[in-house]
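Worksheet for the structure shown next.
The values are calculated or read from the model by the stated rules, or taken from the named source; none is laboratory data. Note that the structure is a prediction, hence the values are computed from the model and not measured. Positions of Cβ are backbone-derived with ideal geometry, glycine not excepted, and every protein chain shown enters the neighbour counts. Side chains are part of the model used for accessible areas, which takes the heavy atoms of the whole protein and leaves out ligands, DNA and RNA. Shrake-Rupley method; radii C 1.70, N 1.55, O 1.52, S 1.80 Å.
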Amino acid sequence: MAPHPLLVPLFSLLCLVLAASSETHYQQGDPVMLYVNKVGPYHNPQETYHYYQLPVCSPEKIRHKSLTLGEVLDGDRMAESMYDIRFRENVDKKVLCEMKLSLQQVERLRQAIEELYYFEFVVDDLSLRGFVGYMEESGFLPHSHKIGLWTHLDFHLEWNGDRIIYANVSVRDVKPTSLDDVRGSGPLSITHTYSVRWSETASERRGERRGGRSGDDGFFPRTLEIHWLSIINSMVLVFLLVGFVVVILMRVLKNDLARYNLDEEASSSSSGDDFDQGDNGWKIIHTDVFRFPPCRSLLCAVLGVGSQFLALGTGIIVMALLGMFNVHRHGAINSAAILLYALTCCISGYVSSNFYRQIGGERWVWNILLTTSLFSAPFFLTWSVVNSVHWANGSTQALPATTILLLLTVWLLVGFPLTVIGGIFGKNRAGPFDAPCRTKNIAREIPPQPWYKSTLVHMTIGGFLPFSAISVELYYIFATVWGREQYTLYGILFFVFAILLSVGACISIALTYFQLSGEDYRWWWRSVLSAGSTGLFIFLYSVFYYSRRSNMSGVVQTVEFFGYSLLTGYVFFLMLGTISFFASLKFIRYIYVNLKMD
């Protein structure tokens with residue numbers, strides 16, 4: 001079968017996106033372009049603005065660099081700077097420009113410095129970061145509040161052969177220009193200068209040079225270290241939990257099956273009307289346990305999209321393990337996630353349509369439309385609100401119209417068609433549901449259930465236990481996504497991801513067994529909600545992280561944080577709900593296949 005005509009260019013684009021970061025080769029004296037990128041509050045990682053929005057030295061005509069999709073999504077807006085840097089040629093206190101700042105411009109700089117604005121430059125794909133100015137507060141009586149602007153920057157670059165290996169910017173041994181007491185003295189005259197110092201290094205790769213020190217020269221916190229104690233704690237918890245569930249459940253099931261089968265043989269001569277007399281537990285509902293649930297199209301859509309995100313998450317982690325993402329490749333993980341999402345849409349269509357046809361669904365077109373919009377519609381709504389807030393505040397995180405059209409085109413020409421194609425294949429290849437028990441036309445009455453078997457209690461137990469297994473690692477992931485850490489422990493992440501899925505499956509099986517033992521056969525949606533509620537715990541943790549573990553503030557950062565945290569919880573609900581459902585279905589088929597019945 002010939003491949004889809006859009007898959008070849010997409011795979012090619014994916015390879016280009018994830019290719020090794022380009023390193024330019026220089027000869028001595030060749031110009032080295034330094035790009036200015038963005039500025040923003042240090043404690044609000046997603047609130048960034050164009051560097052030239054500040055009153056700084058800028059060329060008469062601003063020329064922007066062509067950016068990749070991942071760089072645009074990351075809020076990068078690189079533009080050529082006025083710094084004249086040449087390969088292996090030192091510069092000492094060269095004048096960049098002279099400026100006269102108006103009172104409004106001085107106030108703008110004062111406000112930026114008080115909000116701890118940092119800047120980001122890029123040279124040969126290496127990021128350089130530093131603070132815009134200096135602020136000092138001391139004493140109570142008398143209180144001193146000093147604000148200064150860094151008007152001199154020292155660039156330190158290291159080279160090996162004809163390549164740049166390392167770059168850094170500092171203000172060490174530099175005195176800031178005071179911005180105090182200038183409000184009534186007219187324009188402020190300042191001179192921006194810079195120095196460049198080159199040195200040779202024995203390191204041949206950037207990772208080697210950078211690996212011996214903090215990820216971005218100490219400006220951001222150190223790269224996360226392996227936290228063995230926390231990981232071992234989670235492993236012990238998980239192994240005890242899984243072992244407890246497996247051993248206890250298998251022993252109980254063995255006793256149940258032996259007792260039920262013995263009762264069946266003893267009553268084989270009895271009439272059918274006396275079959276259920278004196279029987280209880282999960283065997284008595286064998287004629288109802290496979291009764292199809294309400295809202296079956298929605299259930300199948302959840303399973304389809306959940307399967308898609310399971311494949312997407314696994315693919316991202318595997319690609320990270322293969323070394324396709326690192327700190328030198330701006331936005332590569334964003335581009336990979338978008339392209340993988342588009343390519344895995346066929347999985348959601350296939351799983352949803354296939355299972356929908358198995359359980360007797362007829363409106364498969366509606367099922368495909370529901371599947372394709374189950375995540376895309378909430379995502380588009382959330383993104384619209386977040387992007388509008390960024391746009392209203394002039395943030396570089398607001399996507400340009402061309403990028404929006406590109407993403408929309410990818411979804412319309414790749415994601416949606418692949419969902420339909422997968423749905424058609426799933427519908428045509430669907431077999432019968434093949435339930436091991438016949439289902440009666442009249443549903444059995446469900447006896448009153450104790451409070452500890454209610455849906456809310458099952459959701460609490462089924463969500464908290466998987467969450468507790470990943471809570472430690474979750475902090476480091478949040479510190480990376482919403483903070484300044486750099487996560488590189490992808491092997492640990494893959495291990496924790498496997499732990500999460502295993503715990504979700506085991507807890508779902510245990511809760512489903514207890515539900516069936518109470519003669520309640522409505523397990524379909526309950527199994528999805530039990531482990532799927534982990535997404536709710538993750539969102540509640542995000543609220544805790546925002547208020548207690550971070551210094552984020554402001555409307556822009558708050559809207560983005562809670563908007564995308566809500567989407568993250570929703571994605572985990574879909575993934576774990578899918579794992580939970582299929583684990584419960586497999587378990588139920590197993591116990592009823594091994595039960596002797598007429």
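For (1) assigned to a helix (DSSP H, G or I); (2) at pLDDT 90 or above, each residue gets a yes or a no:
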position	(1), (2)
483	no, no
487	no, no
493	yes, no
501	yes, yes
504	yes, yes
514	yes, no
526	yes, yes
535	yes, yes
538	yes, yes
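Does residue 360 qualify as being in contact with a Phe, Trp or Tyr (Cβ under 7 Å, 6 or more places away or on another chain) and open to solvent by 20 Å² or more (accessible area, probe 1.4 Å)?
For residue 360, the condition - in contact with a Phe, Trp or Tyr (Cβ under 7 Å, 6 or more places away or on another chain) and open to solvent by 20 Å² or more (accessible area, probe 1.4 Å) - is met.
When you go through 158, 80, 114, 98 one by one, which is the residue that is touching a residue at least 24 places away in the same chain (Cβ under 8 Å), charged (D, E, K, R), open to solvent by 40 Å² or more (accessible area, probe 1.4 Å) and closer than 21 Å to residue 25 by Cα? Steps first, please.
Working: 158 fails: open to solvent by 40 Å² or more (accessible area, probe 1.4 Å); 114 fails: closer than 21 Å to residue 25 by Cα; 98 fails: closer than 21 Å to residue 25 by Cα.
Unique residue meeting the criteria: 80.
Output the residues belonging to region 434-466 that are touching a Gly at 6+ places or on another chain (Cβ under 8 Å) and either surrounded by fewer than 13 Cβ atoms within 10 Å (Cβ to Cβ) or closer than 18 Å to residue 519 by Cα (or both).
Selection gives 447, 449, 450, 453.
Give the number of residues within region 540-554 that are in a helix (DSSP H, G or I) and either in contact with a helix residue (DSSP H, G or I) (Cβ under 9 Å, 6 or more places away or on another chain) or buried (at least 19 other Cβ atoms within 10 Å of the Cβ) (or both). Please lay out each step first, then the result.
Just the residues of region 540-554 that are in a helix (DSSP H, G or I), to begin with: 540-549.
Imposing the further condition that a residue be either in contact with a helix residue (DSSP H, G or I) (Cβ under 9 Å, 6 or more places away or on another chain) or buried (at least 19 other Cβ atoms within 10 Å of the Cβ) (or both) reduces the set to 540-543, 545-546, 549.
Number of matching residues: 7.
Please find, among 230, 234, 297, 203, the residue that is of a type in the set (Gly, Ala, Ser), assigned to a helix (DSSP H, G or I) and modelled with pLDDT of 80 or more.
On the way: 230 fails: modelled with pLDDT of 80 or more; 234 fails: modelled with pLDDT of 80 or more; 203 fails: assigned to a helix (DSSP H, G or I).
Going through 230, 234, 297, 203 in turn, just one is of a type in the set (Gly, Ala, Ser), assigned to a helix (DSSP H, G or I) and modelled with pLDDT of 80 or more: 297.
How many of the residues making up region 364-386 are among the aliphatic types (A, V, I, L, M) and more than 27 Å from residue 556 (Cα to Cα)?
Of region 364-386, the ones among the aliphatic types (A, V, I, L, M) are 365, 368-370, 374, 377, 381, 385-386.
From what is left, the residues that are more than 27 Å from residue 556 (Cα to Cα) are 365, 368-370.
Count: 4.
Before we move on, is residue 347 touching a residue at least 12 places away in the same chain (Cβ under 8 Å) and either closer than 19 Å to residue 408 by Cα or within 16 Å of the chain's Cα centre (by Cα) (or both)?
Details: touching a residue at least 12 places away in the same chain (Cβ under 8 Å): yes; either closer than 19 Å to residue 408 by Cα or within 16 Å of the chain's Cα centre (by Cα) (or both): no.
Taking the combined requirement at face value, the residue does not satisfy it.
How about region 521-539: which of its residues are more than 30 Å from the chain's Cα centre (by Cα) and surrounded by fewer than 22 Cβ atoms within 10 Å (Cβ to Cβ)?
Result: 522, single match.
Can you find a residue in region 427-448 that is more than 30 Å from residue 42 (Cα to Cα), in a helix (DSSP H, G or I) and out of contact with any Cys (no Cβ under 7 Å at 6 or more places or on another chain)?
Let us first name the residues in region 427-448 that are more than 30 Å from residue 42 (Cα to Cα), namely 427-448.
Filter once more, so that each one left must be in a helix (DSSP H, G or I): 427-428.
Subsequent filtering for residues that are out of contact with any Cys (no Cβ under 7 Å at 6 or more places or on another chain) retains 427-428.
For region 427-448, residues more than 30 Å from residue 42 (Cα to Cα), in a helix (DSSP H, G or I) and out of contact with any Cys (no Cβ under 7 Å at 6 or more places or on another chain): present.
Of the residues in region 555-565, how many are open to solvent by 40 Å² or more (accessible area, probe 1.4 Å) and either in contact (Cβ under 8 Å) with a residue 40 or more places away in the chain or basic (Lys, Arg) (or both)?
Here the count works out to 3.
Consider region 478-516. How many of its residues are open to solvent by 10 Å² or more (accessible area, probe 1.4 Å) and polar (S, T, N, Q)?
The number of residues fulfilling the criteria is 4.
Just the residues that are open to solvent by less than 40 Å² (accessible area, probe 1.4 Å) and on the phi < 0 side of the Ramachandran plot, please, taken from region 185-198. Can you show your working first?
Of region 185-198, the ones open to solvent by less than 40 Å² (accessible area, probe 1.4 Å) are 186, 188, 190, 192-196, 198.
Matches in region 185-198: 188, 190, 192, 193, 194, 195, 196, 198.
The conditions are (1) more than 29 Å from residue 246 (Cβ to Cβ); (2) outside any helix (DSSP H, G or I), and residue 521 fails exactly one of them. Which is it?
(1)
Out of the residues in region 128-139 that are modelled with pLDDT of 90 or more and small (Gly, Ala, Ser), which is surrounded by the fewest Cβ atoms within 10 Å (Cβ to Cβ)?
Among residues in region 128-139 that are modelled with pLDDT of 90 or more and small (Gly, Ala, Ser), the one surrounded by the fewest Cβ atoms within 10 Å (Cβ to Cβ) is 130.
Name the single residue that is nearest to residue 346 (Cα to Cα) among those in region 421-448 being among the aliphatic types (A, V, I, L, M) and touching a Phe, Trp or Tyr at 6+ places or on another chain (Cβ under 9 Å). Walk me through it before giving the result.
Pass one, region 421-448, residues among the aliphatic types (A, V, I, L, M): 421, 424, 430, 435, 442-443, 446.
Filter once more, keeping what is touching a Phe, Trp or Tyr at 6+ places or on another chain (Cβ under 9 Å): 421, 424, 430, 435, 443, 446.
Values: 421: 7, 424: 10, 430: 15, 435: 27, 443: 36, 446: 39 Å.
Checked region 421-448; the qualifying residue nearest to residue 346 (Cα to Cα) is 421.
Return the residues of region 344-357 that are within 18 Å of residue 295 (Cβ to Cβ) and surrounded by 24 or more Cβ atoms within 10 Å (Cβ to Cβ); say none if nothing qualifies.
348, 351, 352, 353, 355, 356
Considering 572, 581, 544, which residue is closer than 30 Å to residue 394 by Cα, among the aromatic types (Phe, Trp, Tyr) and modelled with pLDDT of 95 or more?
Numbers: 572 fails: closer than 30 Å to residue 394 by Cα; 581 fails: closer than 30 Å to residue 394 by Cα.
Checking each option against the conditions leaves just 544.
Could you check, for region 175-184, whether at least one of its residues is open to solvent by less than 30 Å² (accessible area, probe 1.4 Å), modelled with pLDDT of 85 or more and farther than 30 Å from residue 506 by Cα?
Filtering region 175-184 down to residues open to solvent by less than 30 Å² (accessible area, probe 1.4 Å) leaves 179, 182.
In the following step, the residues that additionally are modelled with pLDDT of 85 or more were identified as 179.
If we keep only those that are farther than 30 Å from residue 506 by Cα as well, we get 179.
Among the residues of region 175-184, at least one is open to solvent by less than 30 Å² (accessible area, probe 1.4 Å), modelled with pLDDT of 85 or more and farther than 30 Å from residue 506 by Cα, which makes the answer yes.
Looking at this structure, is residue 365 exposed (fewer than 15 other Cβ atoms within 10 Å of the Cβ) and either more than 23 Å from the chain's Cα centre (by Cα) or part of a helix (DSSP H, G or I) (or both)?
On the way: exposed (fewer than 15 other Cβ atoms within 10 Å of the Cβ): yes; either more than 23 Å from the chain's Cα centre (by Cα) or part of a helix (DSSP H, G or I) (or both): yes.
Taking the combined requirement at face value, the residue satisfies it.
Would you confirm whether any residue within region 581-589 is surrounded by fewer than 21 Cβ atoms within 10 Å (Cβ to Cβ), under 17 Å from residue 45 (Cβ atoms) and either over 14 Å from the mean Cα position of the chain (by Cα) or not charged (D, E, K, R) (or both)? Talk me through it step by step, then tell me what you get.
Taking region 581-589 as the starting set, the residues that turn out to be surrounded by fewer than 21 Cβ atoms within 10 Å (Cβ to Cβ) are 582, 585-586, 589.
If we keep only those that are under 17 Å from residue 45 (Cβ atoms) too, we end up with none.
No, every residue in region 581-589 fails to be surrounded by fewer than 21 Cβ atoms within 10 Å (Cβ to Cβ), under 17 Å from residue 45 (Cβ atoms) and either over 14 Å from the mean Cα position of the chain (by Cα) or not charged (D, E, K, R) (or both).
Can you name the condition, by its number, that residue 579 falls short on among (1) of a type outside the set (Lys, Arg); (2) part of a helix (DSSP H, G or I); (3) in contact with a Phe, Trp or Tyr (Cβ under 9 Å, 6 or more places away or on another chain)?
Residue 579 satisfies all of (1) of a type outside the set (Lys, Arg); (2) part of a helix (DSSP H, G or I); (3) in contact with a Phe, Trp or Tyr (Cβ under 9 Å, 6 or more places away or on another chain) except (3).
When residues of region 246-262 are filtered for being at pLDDT below 70 and either in contact with a strand residue (DSSP E or B) (Cβ under 8 Å, 6 or more places away or on another chain) or open to solvent by 60 Å² or more (accessible area, probe 1.4 Å) (or both), how many remain?
Within region 246-262, residues that are at pLDDT below 70 and either in contact with a strand residue (DSSP E or B) (Cβ under 8 Å, 6 or more places away or on another chain) or open to solvent by 60 Å² or more (accessible area, probe 1.4 Å) (or both) number 3.
Would you mind finding the one in 269, 307 that is part of a loop (DSSP other than H, G, I, E, B) and either among the hydroxyl-bearing types (Ser, Thr, Tyr) or at pLDDT 90 or above (or both)?
Values: 307 fails: part of a loop (DSSP other than H, G, I, E, B).
Just a single option satisfies the conditions, and that option is 269.
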